[in-house]
Amino acid sequence: MKFKTEIKPYHGAAGGWGALESTTRFVFDSKKVLSNLRNLMRVNKGRGFDCPGCAWGDDNHSTFSFCENGAKAVSWEATRKAVEPEFFAQHSVSKLRAQSDYFLEYQGRLTHPMRYNRTTDHYEPISWDAAFSLIASHLNGLESPDQADFYTSGRASNEASYLYQVFGRMFGTNNFPDCSNMCHEASGVGLKQSIGVGKGTIRLDDFEKADAIFVFGQNPGTNHPRMLHSLRHASDRGAKVVSFNTLRERGLERFADPQKPLEVVTPKAGRISAAYYQPNLGGDMAAVRGMVKALLQTHRERIASGQPSLFDEEFIAAHCAGVDEYLAVVDATSWEKITGQSGLSEQDLREAASIYMNAERVICTWAMGVTQHKHSVPTVREITNLQLLFGQLGKPGAGLCPVRGHSNVQGNRTMGIDEKAPAALLDAMESHFKFTPPRVPGHNTVEALEAMLRKEARVLICLGGNLAAAAPDTPRTEQALSNLELSVQISTKLNRTHLTPGAEALILPTLGRTELDMQATGSQFITVEDSFSMVHASEGVGIPLSTEQRSETAIVCGIANAVLGDKYLDWMALADDYNLIRDHIEATIPGFKDFNARCDIKGGFYLGNAAAELKFNTLSGKANFSASPLPEVLIPMGDRNAPFTLQTLRSHDQYNTTIYGLDDRYRGVYGQREVLFIHPQDLADLGLQDGELVEIETLWNDGVERKVTGFKLVSYDIPRGNLAAYYPETNPLVPMSSFGDQTHTPTSKAVPVTIRRCQPKVDLQRIA
Ligand SMILES: Nc1nc2c(c(=O)[nH]1)N[C@H]1C(S)=C(S)[C@@H](COP(=O)(O)OP(=O)(O)OC[C@H]3O[C@@H](n4cnc5c(=O)[nH]c(N)nc54)[C@H](O)[C@@H]3O)O[C@H]1N2
Ligand SMILES: Nc1nc2c(c(=O)[nH]1)N[C@H]1C(S)=C(S)[C@@H](COP(=O)(O)OP(=O)(O)OC[C@H]3O[C@@H](n4cnc5c(=O)[nH]c(N)nc54)[C@H](O)[C@@H]3O)O[C@H]1N2
Ligand SMILES: [Mo]
């Protein structure tokens, strides 16, 4: 596989023909053109299947029912290429480790259960029954159930993830690390403290009613392309979209004039952002604080001149606690600190504030640019503070919207994939299933890896995902994984985690969401929950590539049955008929009354959100303002001063650790991934040139060397001192001990680094 590499700025708009061309290329490449297209037509329509791409909601009246990147996800899942036992017989694990993530993904779907043989360094076929027995003998041989970890990646269905946590808790542990720990954890934690519920408060059609939409730290053009439609429609009818993003992202600007951050929106086709601000990495809390400081001043001036309050006093009095403490902290925060930390001028922040106050209904959305910092919880809460001051909750067209990542990551939490599950969930498990669930909190992802490093965790089962590449500090993560006595991967595609086996390892090949799931009682559907708390059914149509592949639900049941027998539950009956699983969900999880019947509702059903109804399940019974000072420094790292802060982010042709291609079209990068975006003046100051290669080294306080080499410099519209490069290639740079306060989320958007010129890398021997 040879790729033409070039850097060529992209001048088109996000979406449009560029996207269509790229979509069809992916579909045609996957060698199953007709049925692929037919599949695509059905995504998110009728029963059909839910797009396994992102967690954006479904707009049932739109003709546009899939996006370019959803098309990639579907067509790559539907590939007819297969990784069969012969493939593993040909290639040793060590040889495969030298391959790129792109190569691994490209080999196709896993078709047979495989067991790693340490002596030969090859995976060999194993029967399902033998695989389940192996798992049972390891798990039942542990001294304590807490020596096992049960990881979940956010594609797993409600049914599979629900049974998975029931099984894990019956086995005796709360060790449920999940991808959410590396993702939107701060949104859940922060929102819960502020408004009593860890989910967004809005519904998709609120975008049609908002007067302003503030988008913080998110790149919807690539990661939530369907959101562009909502933003575009909003903008076309005169709502103002205001973006806070460290980089200029094509999907957020379109016609926004870089010279004029504040532009009044005219209904000119295509414009997304009315104003675009580029804070420093980690500068959003300061930016919002600055907006509130400006608003507070206006508020006081109004009161002084006898005008009505700028804030929603009625809302604050009726529903909120802690406003005085918060405003005191705002007063105590200097403009100097705000502008220094955010990197934005007072003028900019006053402009943003003025857009905000002139809008009757405001939505704030955010994603990884907000959640992957040390101070992410206070940042989420600061955004909430702003919304509370103006009563932007409990009314149409307004509210809080963390835009989730994986298509069912929100559903997984609802189903109980939570290492610190609330007592109510455990009580429900106990009374419904008649067992004593463990009450001690379990491991999150970083804690699980640390426990593996200490050899305290001995068995790992992963329901999807790719920890070796997704988790921080790659060499330490790989060490952790190889310390395991047994690593079990329930997967669709070959990935790096399979190539980092423990003493024993199993690959269990599973069906994807787009595929027909035939069980004893007929074709089964599953359910998922989107970012707007809508639960809907999803039924695959594609014919599975191999009769050996099993559904995630059937695999979870097979493992549970082998480990626990039918002591508490008849697992195999549940695998035969998913309606029975939904009956258990209905009996134990709030909001799922008449679950099976409601699965027939077109477009799904709404789980409800107490905060959106102004019911706040907090200790105070009110929505709590938080009164955190701004962090002392953005990157705490001991006593060394790093010249640069690096964020690790996604290119357009990837889905997390799955690499579909080597282009990042909107950023003008083609045929390569090892690039480093940098401000042109920083380049000049270092005496470096565009296109030169550098090594990037993390400056951290534990004496461990963290370095990657051979990254090509690309000058870009990014604030000085800030850098950006793709994940997972830069995960070796993210220290495992650098994580968010109260979340343990790796600080993937704030890595203190230095860079220096280097020689081209000697490429490893590749078998492509
Ligand atoms: N096609 C595709 N879709 C996806 C995914 C994928 O990999 N590919 N991944 C899915 C998942 S799991 C998730 S979590 C989401 C991720 O969706 P995003 O959060 O959009 O993902 P990132 O690529 O990490 O982009 C972070 C964005 O925030 C900006 N940013 C970074 N740091 C800061 C900061 O400190 N402040 C501000 N204001 N901006 C900042 C970056 O410039 C970038 O635009 O997407 C989901 N959807
Ligand atoms: N440096 C850095 N690190 C990050 C991030 C970052 O921005 N920067 N982002 C973080 C975020 S937001 C997230 S969510 C995590 C993602 O972490 P994970 O969810 O662990 O990783 P993915 O890459 O989404 O997992 C891909 C693998 O899942 C399997 N798979 C795909 N579809 C299915 C399916 O339907 N069923 C099953 N059982 N398996 C399936 C395939 O084998 C594929 O190889 O990464 C985190 N890591
Ligand atoms: Mo994510």
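Things to note:
- Some residue of the stretch 414-431 being open to solvent by less than 10 Å² (accessible area, probe 1.4 Å), at pLDDT 95 or above and in contact with a strand residue (DSSP E or B) (Cβ under 6 Å, 6 or more places away or on another chain): yes
Each row is one residue, and each column tells you yes or no for (1) surrounded by fewer than 24 Cβ atoms within 10 Å (Cβ to Cβ); (2) within 16 Å of ligand 2 (Cβ to nearest atom); (3) aromatic (Phe, Trp, Tyr); (4) assigned by TED's automatic domain parsing to the domain that holds residue 387.
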residue: 172; (1), (2), (3), (4): yes, no, no, no
residue: 196; (1), (2), (3), (4): yes, no, no, yes
residue: 202; (1), (2), (3), (4): no, no, no, yes
residue: 229; (1), (2), (3), (4): yes, no, no, yes
residue: 243; (1), (2), (3), (4): no, no, no, yes
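Yes or no, residue by residue, for (1) more than 16 Å from ligand 2 (Cβ to nearest atom); (2) under 23 Å from residue 438 (Cα atoms); (3) of a type in the set (Gly, Ala, Ser):
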position	(1), (2), (3)
93	no, no, no
98	yes, no, yes
119	yes, no, no
136	yes, yes, yes
157	no, no, yes
166	yes, yes, no
185	no, yes, no
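- Some residue of the stretch 374-397 being part of a helix (DSSP H, G or I), near ligand 1 (Cβ under 10 Å from one of its atoms) and either in contact (Cβ under 8 Å) with a residue 24 or more places away in the chain or within 26 Å of residue 513 (Cβ to Cβ) (or both): yes
- Meets criteria (within 26 Å of residue 344 (Cβ to Cβ) and open to solvent by 10 Å² or more (accessible area, probe 1.4 Å)) for residue 737: no
A quick yes/no check of all residues on (1) out of contact with any helix residue (DSSP H, G or I) (no Cβ under 7 Å at 6 or more places or on another chain); (2) within 25 Å of residue 53 (Cα to Cα); (3) away from ligand 3 (no atom under 16 Å from the Cβ):
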| position | (1), (2), (3) |
| --- | --- |
| 109 | yes, yes, yes |
| 123 | no, no, yes |
| 128 | no, no, yes |
| 143 | yes, no, yes |
| 150 | no, yes, yes |
| 160 | no, yes, yes |
| 167 | no, no, yes |
| 189 | no, yes, no |
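- For the stretch 398-409, a residue qualifies if it is more than 16 Å from ligand 2 (Cβ to nearest atom) and not in a strand (DSSP E or B), and exactly one does: 398.
- Top-ranked residue of the stretch 471-480 - restricted to ones that are crowded, with 24+ Cβ neighbours inside 10 Å and on the phi < 0 side of the Ramachandran plot, ranked as farthest from the chain's Cα centre (by Cα): 480
- For the stretch 647-693, the tally of residues that are under 28 Å from residue 108 (Cα atoms), of a type in the set (D, E, K, R) and away from ligand 2 (no atom under 16 Å from the Cβ) stands at 2.
- Of the residues making up the stretch 647-685, those that are in a strand (DSSP E or B) and not polar (S, T, N, Q) are 649, 655, 659, 664, 669, 670, 675, 676, 677, 678.
Conditions (1) outside any helix (DSSP H, G or I); (2) over 21 Å from residue 416 (Cα atoms); (3) at pLDDT 90 or above, marked per residue:
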| site | (1), (2), (3) |
| --- | --- |
| 189 | no, no, yes |
| 198 | yes, no, yes |
| 205 | no, yes, yes |
| 210 | yes, yes, yes |
| 259 | yes, yes, no |
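- Residue among 468, 505, 448 that alone is within 15 Å of ligand 2 (Cβ to nearest atom) and free of Cβ contacts under 8 Å to residues at least 40 places away in the same chain: 468
- Condition met for residue 419 (part of a helix (DSSP H, G or I), of a type in the set (D, E, K, R) and away from ligand 1 (no atom under 16 Å from the Cβ)): no
- Residue, farthest from residue 485 (Cα to Cα), within the stretch 83-121, restricted to residues that are without any contact (Cβ under 8 Å) to a residue 40 or more places away in the chain and in contact with a strand residue (DSSP E or B) (Cβ under 8 Å, 6 or more places away or on another chain): 89
- Subset of the stretch 352-377 that is within 21 Å of residue 612 (Cα to Cα) and not hydrophobic (A, V, I, L, M, F, W, C) - its residue that is nearest to ligand 3 (Cβ to nearest atom): 365
- Segments classed as strands (runs of 3 or more DSSP E), wholly inside the stretch 458-568, with at least 2 members that are at pLDDT 95 or above: 459-463, 486-491, 504-509, 526-529
- Taking the conditions (1) more than 25 Å from the chain's Cα centre (by Cα); (2) surrounded by 14 or more Cβ atoms within 10 Å (Cβ to Cβ) in turn, residue 689 satisfies each one other than (2).
The values are calculated or read from the model by the stated rules, or taken from the named source; none is laboratory data. Note that the structure is predicted; figures quoted are calculated from it, not measured. So basically every Cβ, Gly included, is an ideal-geometry build from the backbone, and we count neighbours across all protein chains shown. Note: areas computed on protein heavy atoms with side chains; ligands, DNA, RNA excluded. Shrake-Rupley method; radii C 1.70, N 1.55, O 1.52, S 1.80 Å.
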